[in-house]
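Participant: First the structure, which I've put down as structure tokens, then a few questions once you've had a look.
The numbers here are math on the coordinates, done by the rules we state, and not lab data. All values derive from a computational prediction rather than experimental measurement. No Cβ is skipped: glycine too gets one built from the backbone with ideal geometry, and neighbour counts run over all protein chains shown.
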Amino acid sequence: MDSEKDSVRVDQWLWAARFFKTRSMAQQALRGGKVNLNNQRVKPAKELRVDDQLIITKGEMVYTVHVLGLSHKRLSPALAQALYQETDESRTEREAKLEQRRLEKHHETRPASRPDKRQRRQIKAFKEG
């Protein structure tokens, strides 16, 4: 929430807004095309301004956010959320994907316990021969 500067590097902002754990992870995502600024692929040093739109892809999740504030420093989670506003469509899609993944995980069949020593030997012999 700097008032002295009207822009900040995209990788710094992504890190400060807590989308990525480290700046290097944010830079990797930018280089890999996982982040679009105003519907264009950008490099880590691109300047970000208030009212820009970011589309951030992290795994299966896609965040579409509008930039409301700028920061060069990593902020607490509550303050970091004040830097952006996620669109309603993005939020509903993301929540639907999370719910679908939760339901799929619930229906997974898992063994009652871990294999014992004899069963591990049988599995190993089966895989080898």
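Participant: Mind giving me the FRET efficiency for residue 66 and residue 101? R0 is 41 Å, r the Cβ-Cβ distance, nearest 0.05 is fine.
Facilitator: Here the calculated transfer efficiency is 0.95.
Participant: Using unit Cβ charges (K, R positive; D, E negative) and no other charged atoms, how large, in debye to the nearest 20, is the dipole of segment 62-118 about its Cα centre?
Facilitator: Result for segment 62-118 is approximately 580 debye, rounded to the nearest 20.
Participant: Hey, another quick one. What residue among 69, 85, 57 has its Cα farthest toward the positive end of the dipole of segment 1-117, where the charges are +1 on Lys, Arg and -1 on Asp, Glu, each on the Cβ?
Facilitator: 57
Participant: Let me ask something else about it. Would you work out the charge dipole size for the chain about its Cα centre, treating the Cβ of every Lys and Arg as +1 and the Cβ of every Asp and Glu as -1, and quote it to the nearest 20 debye?
Facilitator: 1280
Participant: Kindly count the pairs of lysines across the chain whose alpha carbons are less than 16 Å apart, treating pairs on different chains or eight or more residues apart as eligible.
Facilitator: Count of close lysine pairs: 11.
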